[in-house]
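Novice: First, the structure itself, so that you have it in front of you.
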């Protein structure tokens, strides 16, 4: 076999301009295809990657808002930090909660006072603030409002922990996320870890629980015990539930400070109604005492919805009144004119409140019948 010689001048001959551009174009196309192929494979393997990146951006933004600097967070801590709430941005204060004066006073004395006056309790292990606080009672009675007002009053960083945040498709990731909750809270202390509907997350354990769920609960409780042994740690876990009987006994042991937020009584309902309608246009003839008597069994959220329906009745009368200036209002955006139109909307009267009360009563009766039907079928 005879090898054909390749002229040396053809090897050293430089490429032409068009050939260089063509080569660069092919390399660019190849690089782009490779990049998108790898990205597609990574996204296919981990479909939550995009959500994690968005959570990291949100966490960095929130960290700047609350003034946390020079604190390095892991990837898992970033996922939890996306649920941070700056206490300074919270609009809820104790003045926004009516009818729970006794609970608020007790909570201030047992939870907030040992935090704000730590120098008075420094020499006593017995008088340290509790590591676990449970708010329990019927839905719509102000449990979440109390948790937010506590964080704002105490000046704590507020981690609104969602159970879905700790769930992951990969084995072992949920335990790492649970660990990140506590490590983040310690880095940002003083802080409150708030778990709404805590019974859905830390319900009673059984042999039928999935292995990953059981391990995550065990990890969570183990780290919780670590807070109790560190007396200088300013981290409080606060939970809210309307089904305390479903909580695991080990969780209840870790939440010795408990507050029962019950349905408001007549005097409390009167205070709640006055607070809700404080800044509204209300007829002076509205009898709050009578309305409080006729709303037996209503929660705070029920009363708020009832007042909203009563206010809407006034707006509907104005909109459907052929003699009103509503047509002109739709086309005019002048602020002075809009303010003048709003002044023409009549005030909330006793009939509006009665109509809204009857509507809410029917709605609650329908909910009760639905619950009764389901319990009968079960």
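Novice: I'd like the full set of residues that are crowded, with 18+ Cβ neighbours inside 10 Å, more than 12 Å from the chain's Cα centre (by Cα) and not in a loop (DSSP other than H, G, I, E, B), limited to region 147-174.
Specialist: 149, 150, 151, 152, 153, 154, 157, 166, 174
Novice: For residues in region 267-287 being under 17 Å from residue 98 (Cα atoms) and in contact with a strand residue (DSSP E or B) (Cβ under 8 Å, 6 or more places away or on another chain), which is surrounded by the fewest Cβ atoms within 10 Å (Cβ to Cβ)?
Specialist: For region 267-287, the residue satisfying everything is 280.
Novice: Quick check on region 228-253: of everything there that is touching a strand residue (DSSP E or B) at 6+ places or on another chain (Cβ under 6 Å) and surrounded by fewer than 21 Cβ atoms within 10 Å (Cβ to Cβ), which residue is nearest to residue 143 (Cα to Cα)?
Specialist: 244
Novice: Kindly evaluate residue 290 against the criterion of being closer than 17 Å to residue 349 by Cβ, surrounded by fewer than 18 Cβ atoms within 10 Å (Cβ to Cβ) and at pLDDT 85 or above.
Specialist: Criteria met by residue 290.
Novice: Please determine whether any residue of region 324-340 is at pLDDT 85 or above and surrounded by 14 or more Cβ atoms within 10 Å (Cβ to Cβ).
Specialist: no
Novice: Which numbered condition trips up residue 102, out of (1) assigned to a helix (DSSP H, G or I); (2) modelled with pLDDT under 80; (3) farther than 19 Å from residue 161 by Cα?
Specialist: Here residue 102 meets the rest and fails (2).
Novice: Here is a check on your reading of the model: is residue 219 in contact (Cβ under 8 Å) with a residue 40 or more places away in the chain and assigned to a loop (DSSP other than H, G, I, E, B)?
Specialist: Spelling it out, it is not the case that residue 219 is in contact (Cβ under 8 Å) with a residue 40 or more places away in the chain and assigned to a loop (DSSP other than H, G, I, E, B).
The values are calculated or read from the model by the stated rules, or taken from the named source; none is laboratory data. Note that the structure is predicted; figures quoted are calculated from it, not measured. Cβ: placed from backbone, ideal geometry, glycine included. Neighbour counts: every protein chain shown.
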